[in-house]
Amino acid sequence: MRSYLITFALILICHALSGILPDELEFFEKKIRPILAETCYDCHNSVNKTEAGLALDWREGLLAGSDQGSVVEPGNPDNSALIWAIRHQDGFDMPDNGPKLEDHVIANFEEWVLMGAPDPRDRKPTQLDLDNAIDWETLLENRSQWWSFQPLKKTRPPKSENPDWNETAIDQFVYAYMKEQGLEPQVLADPETLVRRLHLVLTGLPPKAEVVKAFVANPSEMAYEAMVSDLLASKAYGERWGRYWMDWYRFAETHGSEGDPVIPFVGIYRDYIIRALNEDVPYDDLLVEHIAGDLIKRPRINEELEINESAIGPAHYRMVPYGFGVVDAYQEQINYTDNQIDVISKAMMGVTVSCARCHNHKFDPISQKDFYRFYGIMISNRPGTRNVDIKEKQELNKRAMARLKAKIQRGMADYWMEHVDVAVERLASFSFAPTEEEQEIFDDLKKERRKRKKELPTDPQALNDFNLKREVNTIGDYHPLAPVKLWLEKPADEISRAWKEQLKAHAADLKGFEEAKKDATYYADLRDQKTLESWFMEGNGVSAKVSPSGSFAVAGKGFYAISEIFPRGVYSNLFSNKHNGTLQSPYHEAKGDWSFMRAAGFNGAIRMSARSYPLEQGLHPYEYADTGFLQWFPLAKYKFWNEEQVYYQISTAGDKPTKFKEEPSWFGVTEVIGGKVEMKELGLPLYTVLKDDVSVTDRESLLNAYQKALKQSIASWRRNRISDVQAEFLSVFVRFNFLPNQFEILPEKLGKLFAYYRDLENDIPIPTRAPAFIEGDVIDQPLLVRGEHHNPDELVPRQFLEVFANKHYTGENSGRLELAQDIIGKNNTLKSRVLVNRLWHYVFGRGIVLTTDNFGRLGQKPTHPDLLDYLALDFEKRGWSIKTALKQLVSSRTFRSVSLAPDEVIEKDPENLYLSYYTPRRLDAEAIMDSINSMARVEFKRGVYAYVKRNKLDPFLTTFNLPIPITTVSRRDSTNVPAQALSMMNGEFVQEAAKEWGEKIQARLGDAPAKAKIEALFWDAYARVPSAEESDQLVEYYGSIENSNTAMQNIAFALMNTKEFIYVH
């Protein structure tokens, strides 16, 4: 504003002697120039685009007119083509492809022309002049005057002289508008129609015949209110309105594109929202949960299911469509983040923030910076999976198991110390040469996982032997047991020489590794607490503290007692391999040829993610840790993603963001490196374990070295003073049963400890998982000029829309929690207006604002603005209760009107904007499906539970306008196409349902007259008795068919294939 005043002062000085009066100049600068610049210059300028030969960016161009002649006649607005165009008069509609200018703006232009069209723009502009023709502050101020960005107005409902329309505020407002239009309200609907209407609107299901009959017998206000309450309290209510909600957040169970990969555990979101609506969770709470439910300090707990309901809310972020074969990760990130922003802004506020991705919004007070403010919030999170069990369930038995493990550790150390000699003897006698069958499996394991055909041995001891041979082969000469395989049977001089050569070679390789770390693009040592604190973790199997050396895992079941003993690092299975976990590094820019993660595990999923792209394919592969011995796993395609932002991730199998396996799994990780050097397995040579210098000169001294190293390692483990190398060394002897580790042969006292541990571990549940948005690096995104990621500009701090709250988010987290609070905050004028308008739309068939997902300038204005604001304010006042709001709507006299109107009413109000009668309309797809099913069956799967596969949506539901789940849709299309009739008449689903329905009526009524059976069908389908004519015709038809079952099925089928059946009246 300050810059505008300075500019205006300068203009005033320059034009003091030009003949333009100061008040005329001020009028032009405040009310004319900004509109011309905002809506006209793009197409009508003298620099780069002069459509129809008209340039409106300077005075001479304006006065010169267009190819068709003059556009402004100073002093005569009614004879000026410019005025005709903005009035949308005589076939002129300007601005092109934009909304009509508001009436007060048109009036300003008329006044300007009337005063002689004073115009100070005496110089032809340059491109720079056009670019700076109007500053954003001025646009923001002008655009924020649009009704939806203005504060809600509290209006007292107008009193009605008609007592029937004076009972509720809704009716008072509606009646007043109706009278203004010269309309009269129509009479009440009959009880049968009202019962059916109410059931279909609130539950999407037709009423039971006995319910209709009961209300017809007693159509009192008390009975009606009781029926409303019963329906709102039913499970069917949440299923009905949950499907609407799912439309808003484009619910899907797959990502689309090639392969259409599954979104793991996404069905839990559907159940969550149905529960939430049935429990009438306040709408503002649901908004907070959807934005940042995982970050709430006091989440909403479901005691029955023992889950954190709030943490499920952010699952909608994961429902984005992804591209396939992505080679440009940045562009893909822009695409799916755009989708997240689009859905949040439309679903929660009814505005199109994603339209500002490449430039300031064309019509609304939303800048390009606003888009990138939201963008930074979104990309400061990553796709993943979350354990939503309550804390007590996640921590179940951990303390007892920890105490038990301390006893197990001491007991097993003492037990093993007695068996060191036997362990070394077993090692010395082990044959490391693979059998022919084992070699075939080794070769098969070198193939991609999906191409493997060989099965691993099933016998525990055979599998153990196989894994040992495989591990030694993989690690090579530096495996702690490799000397036995390679040297034991050699002459003494060769053993001595090999020992010395290994010491020298390993020292050189260690030095090379240290140099590689110094030169690495990225190196993280997760044995260091400070490093671990910079990583991001999720799951009850991952601790925020580095696990000390000597930590170990007890087998929850199976042949062996202890699974692994670990060096320092991060491990997900220290209590149970049912616990889940995900660990992610900060972002870094990939540089170099190689990248590796030193890890161990069972089905531990390892990957390097380019800009959070989660799918597993081609350039985005996974590796799998399937070994108890830590080794370097190569992260393929690191070189391809050079100069791109990447992060490392390892997770349990059930927590992969794609192609998950919900089965016991674990991982361990100690180091990650990326750079120019290909990592070599440094293993754990025997010499590194020994505390003292030991000379190995022959077979006996070699075995003595093993014996000494093993005793030292066991003793250190017992005292909790074991080193990393000792822990790994001891683990080899334990995992491969050289030290006695079979559960069944343990001494009685130890056996009881392990049995008790297994009982505790058996009680640990498989996690309840949900799609998650995991907090990551806090990122302020650069503005991308014209939306091109190769053209970044200044960083844009994260925050809410400037029109509502121009304050940066400066916290340590993504900003989602702050965004949630801003969205439900007082400054946001959209949230409640949008919600109550959608409720109105679903109840009455048309929103007070027709464009339910667009409250911006391209959207429609409200037909009843003061009613909309009244409802929005009342909604908040009454605790943001959706059920309360719906009860108000369906309890109104407006809702209870008949659905027929005289011709003169339809002529005055063809779209029934002013609600003098109830607008009949076709049911949505799921309600049609559910109505059909409810005729035939007592128990059936409702349409809301239909599998939503993006590339193969349910054909019946799609035929009846199920929206493609790409963006927010709160107003579905309602087409009338031949495919719908064909689906009803020829579809197996309808034919089978009609058959079952007819059989059900036949079985129930048996030998009753045909008239009674036909009446039963009508009560079920239409909530009424047939007319005399309908009854006579159908009774006659029934009698003409030899097989009565066939007759009933045909009549049932015919009743389903009527508009009355698929319409709500």
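Counting only residues that are at pLDDT 95 or above and among the polar types (S, T, N, Q), give me the helices (runs of 4 or more DSSP H) lying completely in region 286-395 with at least 3 of them. Don't jump to the end; show me each part of the working.
Working: elements: 329-349, 368-379, 391-394.
In region 286-395, 329-349 are the helices (runs of 4 or more DSSP H) which contain 3 or more residues that are at pLDDT 95 or above and among the polar types (S, T, N, Q).
Of all the listed residues (Arg769, Arg719, Arg798), the sole one being without any contact (Cβ under 8 Å) to a residue 12 or more places away in the chain, among the basic types (Lys, Arg) and either surrounded by 19 or more Cβ atoms within 10 Å (Cβ to Cβ) or over 29 Å from Phe251 (Cα atoms) (or both) is Arg719. Would you confirm whether or not region 529-545 contains a residue that is farther than 30 Å from Leu404 by Cβ, under 40 Å from the mean Cα position of the chain (by Cα), modelled with pLDDT of 95 or more and part of a helix (DSSP H, G or I)? Yes, that holds for at least one residue.
Yes/no matrix, rows are residues, columns are (1) of a type outside the set (S, T, N, Q); (2) more than 30 Å from Lys490 (Cβ to Cβ); (3) buried (at least 24 other Cβ atoms within 10 Å of the Cβ); (4) modelled with pLDDT under 95:
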| site | (1), (2), (3), (4) |
| --- | --- |
| Glu643 | yes, yes, no, no |
| Tyr648 | yes, yes, yes, no |
| Ala653 | yes, yes, no, no |
| Lys659 | yes, yes, no, yes |
| Glu662 | yes, yes, no, yes |
| Val672 | yes, yes, yes, no |
| Asp692 | yes, no, no, yes |
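Checking every residue in region 543-563 against the condition of being closer than 28 Å to His789 by Cβ and either among the aromatic types (Phe, Trp, Tyr) or assigned by TED's automatic domain parsing to the domain that holds Ser814 (or both) gives zero matches.
Within region 679-694, if we keep just the residues that are aliphatic (A, V, I, L, M) and touching a residue at least 24 places away in the same chain (Cβ under 8 Å), the residue that is farthest from Gly476 (Cα to Cα) turns out to be Val689. In this structure, Gln781 does not satisfy being of a type in the set (S, T, N, Q), at pLDDT 95 or above and under 20 Å from the mean Cα position of the chain (by Cα).
Condition first: part of a loop (DSSP other than H, G, I, E, B) and over 30 Å from Ala311 (Cα atoms). Can you find one or more residues in region 814-830 that meet it?
No: region 814-830 contains no residue that is part of a loop (DSSP other than H, G, I, E, B) and over 30 Å from Ala311 (Cα atoms).
Within region 1003-1026, the residues that satisfy the criterion of being under 19 Å from Thr193 (Cα atoms) and in contact (Cβ under 8 Å) with a residue 12 or more places away in the chain are Ile1014, Glu1015, Ala1016, Leu1017, Phe1018, Trp1019, Asp1020, Ala1021, Tyr1022, Ala1023, Arg1024, Pro1026. From the residues in region 44-55 that are surrounded by 21 or more Cβ atoms within 10 Å (Cβ to Cβ) and in contact with a Leu (Cβ under 8 Å, 6 or more places away or on another chain), which one is nearest to Met115 (Cα to Cα)? Per the stated criteria, the residue is Ala55. Against the test of being touching a residue at least 40 places away in the same chain (Cβ under 8 Å) and closer than 30 Å to Gly259 by Cα, the options Glu306, Glu332 yield a single qualifying residue, Glu332. Please indicate, with yes or no, whether at least one residue in region 208-216 is under 18 Å from the mean Cα position of the chain (by Cα) and basic (Lys, Arg). Checking region 208-216: not a single residue is under 18 Å from the mean Cα position of the chain (by Cα) and basic (Lys, Arg). Looking across region 900-917, the residues that are surrounded by 11 or more Cβ atoms within 10 Å (Cβ to Cβ) and outside any helix (DSSP H, G or I) come down to Leu900, Ala901, Pro902, Asp909, Asn912, Leu913, Tyr914, Leu915, Ser916, Tyr917. Only one entry in Leu404, Leu427, Leu396 is under 42 Å from the mean Cα position of the chain (by Cα) and farther than 30 Å from Phe265 by Cβ, namely Leu404.
Reported count of residues in region 25-81, each being in a helix (DSSP H, G or I) and within 47 Å of the chain's Cα centre (by Cα), is 13.
Residue under question is Ile366, and the condition is that it be in contact (Cβ under 8 Å) with a residue 60 or more places away in the chain and within 30 Å of Asn142 (Cβ to Cβ); does it hold?
Details: in contact (Cβ under 8 Å) with a residue 60 or more places away in the chain: yes; within 30 Å of Asn142 (Cβ to Cβ): yes.
Yes.
Go through the residues of region 631-643 one by one and say whether even a single one is touching a residue at least 60 places away in the same chain (Cβ under 8 Å) and small (Gly, Ala, Ser). Checking region 631-643: not a single residue is touching a residue at least 60 places away in the same chain (Cβ under 8 Å) and small (Gly, Ala, Ser).
This table checks each residue for (1) under 34 Å from the mean Cα position of the chain (by Cα); (2) in the same structural domain as Glu471 (by TED's automatic domain parsing).
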| residue | (1), (2) |
| --- | --- |
| Ser595 | yes, no |
| Glu616 | yes, no |
| Ala636 | yes, no |
| Pro664 | yes, no |
| Thr670 | yes, no |
| Gly683 | no, no |
| Ser701 | no, yes |
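Considering region 56-109, the residues that are touching an Asp or Glu at 6+ places or on another chain (Cβ under 7 Å) and surrounded by fewer than 18 Cβ atoms within 10 Å (Cβ to Cβ) include one that is farthest from Tyr41 (Cα to Cα), namely Asn79. For Glu794, the test of being out of contact with any Leu (no Cβ under 9 Å at 6 or more places or on another chain) and over 30 Å from Lys391 (Cβ atoms) is failed. Only one of the numbered conditions (1) in a loop (DSSP other than H, G, I, E, B); (2) at pLDDT 95 or above is not met by Gly811, and that is (2).
Looking only at residues of region 254-281 that are within 15 Å of Thr768 (Cα to Cα) and not hydrophobic (A, V, I, L, M, F, W, C), we find that the one that is surrounded by the fewest Cβ atoms within 10 Å (Cβ to Cβ) is Asp271.
When the residues of region 621-677 are filtered to those that are among the β-branched types (Val, Ile, Thr) and in a strand (DSSP E or B), which remaining residue is farthest from Thr531 (Cα to Cα)? Please lay out each step first, then the result.
Residues of region 621-677 that are among the β-branched types (Val, Ile, Thr), as a first pass: 627, 646, 650, 652, 658, 669-670, 672-673, 677.
The next check asks that each one be in a strand (DSSP E or B); those that pass are 627, 646, 650, 669-670, 672-673.
Values: Thr627: 24, Val646: 17, Ile650: 16, Val669: 13, Thr670: 11, Val672: 11, Ile673: 13 Å.
Among residues in region 621-677 that are among the β-branched types (Val, Ile, Thr) and in a strand (DSSP E or B), the one farthest from Thr531 (Cα to Cα) is Thr627.
Note on region 590-620: among residues that are in contact with a Ser or Thr (Cβ under 8 Å, 6 or more places away or on another chain) and in a loop (DSSP other than H, G, I, E, B), the one that is nearest to Lys676 (Cα to Cα) is Gly592. Of all residues in region 906-924, those satisfying the criterion of being touching a residue at least 40 places away in the same chain (Cβ under 8 Å) and under 21 Å from Lys1059 (Cβ atoms) are Glu911, Asn912, Tyr917, Tyr918, Thr919, Pro920, Arg921, Arg922, Leu923, Asp924.
The values are calculated or read from the model by the stated rules, or taken from the named source; none is laboratory data. Please read these numbers as outputs of a predicted model, since none were measured by experiment. When we count neighbours, we look across all protein chains shown, and the Cβ atoms used for this are built from the backbone with ideal geometry, even at glycine.
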